[in-house]
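Chemist: Here it is: the structure, laid out below.
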Amino acid sequence: MLCAVLAWVRIVQGHGIVDALVSAVTLAVAALPEEFPVVFTFFLGVGVYRLARRQALVRRGVVVESIGRVSTICTDKTGTLTEGRLRVGHVQPVTGLEPHDVLRLAALASREETGDPLDRALLDAAGAPARAPQVVATFPFTEDRKRETVIVRAAGGVLAVTLAVTKGAPETIVALCAEGSADLLQWRAQVEVLARSGHKVIAVARRELTESEWAGGEPDRGFRLAGLVALEDPVRAGVPEAIAECRAAGIHVLMVTGDHPATAAAIAAEVGLGAGPPRVILGAELQERLASNADGGLRDIDVVARAVPGEKLALVRALQSAGETVAFTGDGVNDVPALQAVLGTEAMGERGTRSAREAAAIVLLDDNFRSIAGAIAEGRQLFANLQLAFHYLLVVHIPLVVTAALIPLLGYPLLYLPVHVIWLELII
């Protein structure tokens, strides 16, 4: 509209149609910020390069700008806050068994091909068996069942008898054991003691089956507890400092893990989550909070323990509904829905599945929380630089627009032509 008015004024002033058109075009070129897309693309490219130097591989360039606005980080524990290199620290067998017996049973229900740090630690601790048993069936670990079960026949044993071995979350395994097979209350208390010292605790149980008792499905009762295995996973170097930096920057760090709440609380306290003692809730309690309250008071929570994939997705959506910009880390197929729901998502490059890496906007090459904090800091600096660059461009365009409009309106000859404006923009 202003360009058309300027052209009409120039014609009225008697400068001719060519002068009127040139005046209008000059004003249009001066007013349109052609540099903005170029500057924005350049800054995104620089951001991708700088994030890569911090072990964060960007898969979608637009996230470089948005990651600087993250206000909440939902991070897992194993391998991100901790080293992810589990090693057996304590083995407590039931009466009549030796620690090595418990480890051998746990190793039976473990698989090398999964790449799971827990399975690798158990297999390494148990050592290679003298004679490998015949595996009849395997029921892999799932977040819902929280256990892994294998049906085996001992090599050279009586084929009419099979052995079911299961390992997993202590509360799940203990619930499968027949009352009276062990002092279950005492074992539950022992799990709490080990978990409070920061150990990842699993229980191991076994059950002998005849061919008639086993119909091809996973046994769900009648097990006898074999013992507990407590594994150590040290906190990564630099993680407490990175979390302190996040807190100083006003970023809420929330640990979301499938581990025992006491284990999660111990690690959270060690890395410095929360202003005081870490506030821990279970995944089931999270669902109840979200059902009764829009945001569930999530700013008051430091740890969600025993969380399953559906609860992770509900958590992310609740945080977004509360106005938070969320960064979420995940490494498994089950994390894909939550990874897809968040723009600022990080998948683990070392231990993450291909599905998780493809769903995430950023892949952490070292699976380290420090890389998340560094990426957010880099994104904030990039966003600040981008704002300064745009302010600079606007300040430059204001005198160009004023002179391109005011001088012709006053009847004076044109101060410059469109090519002059374009040349100035290229230099700027």
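The values are calculated or read from the model by the stated rules, or taken from the named source; none is laboratory data. From a predicted model like this one, the values you see are computed outputs, not experimental measurements. Neighbour counts run over all protein chains shown; Cβ positions are idealised from the backbone, glycine included. Side chains included, ligands, DNA and RNA excluded: accessible areas come from the protein's heavy atoms. Shrake-Rupley method; radii C 1.70, N 1.55, O 1.52, S 1.80 Å.
Chemist: Are any of the residues in the stretch 230-245 part of a strand (DSSP E or B) and open to solvent by 50 Å² or more (accessible area, probe 1.4 Å)?
Modeler: Taking every residue of the stretch 230-245 in turn, at least one turns out to be part of a strand (DSSP E or B) and open to solvent by 50 Å² or more (accessible area, probe 1.4 Å).
Chemist: Go through the residues of the stretch 291-305 one by one and say whether even a single one is among the aliphatic types (A, V, I, L, M), in contact with a strand residue (DSSP E or B) (Cβ under 8 Å, 6 or more places away or on another chain) and either more than 24 Å from E192 (Cα to Cα) or at pLDDT below 85 (or both).
Modeler: Yes - at least one qualifying residue is present in the stretch 291-305.
Chemist: Tell me, which residue of the stretch 86-104 that is within 33 Å of the chain's Cα centre (by Cα) and open to solvent by less than 40 Å² (accessible area, probe 1.4 Å) is farthest from V150 (Cα to Cα)?
Modeler: Among those that are within 33 Å of the chain's Cα centre (by Cα) and open to solvent by less than 40 Å² (accessible area, probe 1.4 Å), it is G89.
Chemist: Identify all residues within the stretch 66-85 that are open to solvent by 20 Å² or more (accessible area, probe 1.4 Å) and under 30 Å from F43 (Cβ atoms); write none if there are none.
Modeler: R69, S71
Chemist: Of the residues in the stretch 262-285, how many are in contact (Cβ under 8 Å) with a residue 60 or more places away in the chain, in contact with a strand residue (DSSP E or B) (Cβ under 7 Å, 6 or more places away or on another chain) and open to solvent by 10 Å² or more (accessible area, probe 1.4 Å)?
Modeler: Residues meeting the conditions: 2.
Chemist: Just to be sure, is D220 in contact with a strand residue (DSSP E or B) (Cβ under 7 Å, 6 or more places away or on another chain) and in a loop (DSSP other than H, G, I, E, B)?
Modeler: Criteria not met by D220.
Chemist: Sticking with this structure for a sec: Tell me yes or no: at least one residue of the stretch 318-327 is polar (S, T, N, Q), farther than 26 Å from L51 by Cα and modelled with pLDDT of 70 or more.
Modeler: Within the stretch 318-327, one or more residues are polar (S, T, N, Q), farther than 26 Å from L51 by Cα and modelled with pLDDT of 70 or more.
Chemist: Can you report the number of residues in the stretch 84-130 which are assigned to a loop (DSSP other than H, G, I, E, B), under 23 Å from A195 (Cβ atoms) and of a type in the set (G, A, S)?
Modeler: Result for the stretch 84-130: 3.
Chemist: Next up: Step by step: first the residues of the stretch 286-302, then only those that are out of contact with any Leu (no Cβ under 7 Å at 6 or more places or on another chain) and either in a loop (DSSP other than H, G, I, E, B) or touching a residue at least 40 places away in the same chain (Cβ under 8 Å) (or both), then the one that is most open to solvent (accessible area, probe 1.4 Å). Which residue is that?
Modeler: R299
Chemist: Additional query: Looking at the structure I just gave you, is A237 of a type in the set (A, V, I, L, M, F, W, C) and either within 20 Å of the chain's Cα centre (by Cα) or closer than 16 Å to I151 by Cβ (or both)?
Modeler: Taking the combined requirement at face value, the residue satisfies it.
Chemist: Could you please find all residues in the stretch 382-428 being surrounded by fewer than 16 Cβ atoms within 10 Å (Cβ to Cβ) and among the small types (G, A, S)?
Modeler: A384, G411
Chemist: Tally up the residues in the stretch 364-411 that are touching a residue at least 60 places away in the same chain (Cβ under 8 Å), more than 26 Å from the chain's Cα centre (by Cα) and not in a helix (DSSP H, G or I), please.
Modeler: Number of matching residues: 1.
Chemist: So for the stretch 336-347 (the condition being among the small types (G, A, S), at pLDDT below 55 and in a strand (DSSP E or B)), does at least one residue qualify?
Modeler: Yes - at least one qualifying residue is present in the stretch 336-347.
Chemist: Could you grab me the full set of residues in the stretch 18-48 that are charged (D, E, K, R), within 43 Å of the chain's Cα centre (by Cα) and open to solvent by less than 50 Å² (accessible area, probe 1.4 Å)?
Modeler: E35
Chemist: Follow-up. Tell me which of these H15 doesn't satisfy, since it passes every other one: (1) modelled with pLDDT of 85 or more; (2) surrounded by 15 or more Cβ atoms within 10 Å (Cβ to Cβ).
Modeler: Failing condition for H15: (1).
Chemist: Okay, next question. Just give me the residues in the stretch 269-283 being farther than 12 Å from L315 by Cβ and at pLDDT 85 or above, in sequence order.
Modeler: Matches in the stretch 269-283: A269, E270, V271, G272, L273, P277, P278, R279, V280, L282.
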